[in-house]
1. Here is a list of conditions, (1) farther than 17 Å from residue 134 by Cβ; (2) in a loop (DSSP other than H, G, I, E, B), and residue 24 meets all of them except one; can you say which number that is?
2. Name the residue, out of 72, 101, that is assigned to a helix (DSSP H, G or I), within 14 Å of the chain's Cα centre (by Cα) and closer than 16 Å to residue 33 by Cα.
3. Any residue at all in segment 106-115 that's modelled with pLDDT of 90 or more and either closer than 29 Å to residue 20 by Cα or under 16 Å from the mean Cα position of the chain (by Cα) (or both)?
4. If you scan segment 28-69, which residues turn out to be among the hydroxyl-bearing types (Ser, Thr, Tyr), more than 22 Å from residue 96 (Cβ to Cβ), without any contact (Cβ under 8 Å) to a residue 60 or more places away in the chain and not in a helix (DSSP H, G or I)?
5. Among what's in segment 109-129 and is part of a helix (DSSP H, G or I) and touching a residue at least 40 places away in the same chain (Cβ under 8 Å), pick the residue that is surrounded by the most Cβ atoms within 10 Å (Cβ to Cβ).
Amino acid sequence: MHDRVQNINGILKRIRQMNERDALRAIAYNGDTKFVRVEKRLTEQSDREEREHTEPRTYAWTKKKEQVTAVLLLIKEDVDDAFFHNEAIVETPAYFTKNILTYVTRRFKDAQISTERPARKYVSDVIFKEYQTIY
């Protein structure tokens, strides 16, 4: 019984630490945890490519944390502007996703991040899912 309690306490401690790390990362996105999760999904894709030795590396750019944060923050501002001007936009997934893909493409191009369309589509899909989940 004592071992179980210790295991549970250990799990709770790790959860608290993860939540604290996420809260600190959210500061970079003006407190928006949606984009912390987006960043995590992109990092996971990059890690998966590394493990599987995928070439060419589609998500290698995610290793530049400052650049990723800066680009995602600009995309966040674009998406938030579109969303707050018309909250019903989430109810038309095709239109909203197309807008997000446009923002992602433009911001990647501005930051000189060279990606193929499937990678940009993945980023826009992850962002869309976050907005759809929250709203």
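The values are calculated or read from the model by the stated rules, or taken from the named source; none is laboratory data. Here the structure is a predicted model, which is why all the values come from computation and not from measurement. So basically every Cβ, Gly included, is an ideal-geometry build from the backbone, and we count neighbours across all protein chains shown.
1. The single condition residue 24 does not satisfy is (2).
2. 72
3. Yes: segment 106-115 contains one or more residues that are modelled with pLDDT of 90 or more and either closer than 29 Å to residue 20 by Cα or under 16 Å from the mean Cα position of the chain (by Cα) (or both).
4. 54, the sole residue that qualifies.
5. For segment 109-129, the residue satisfying everything is 123.
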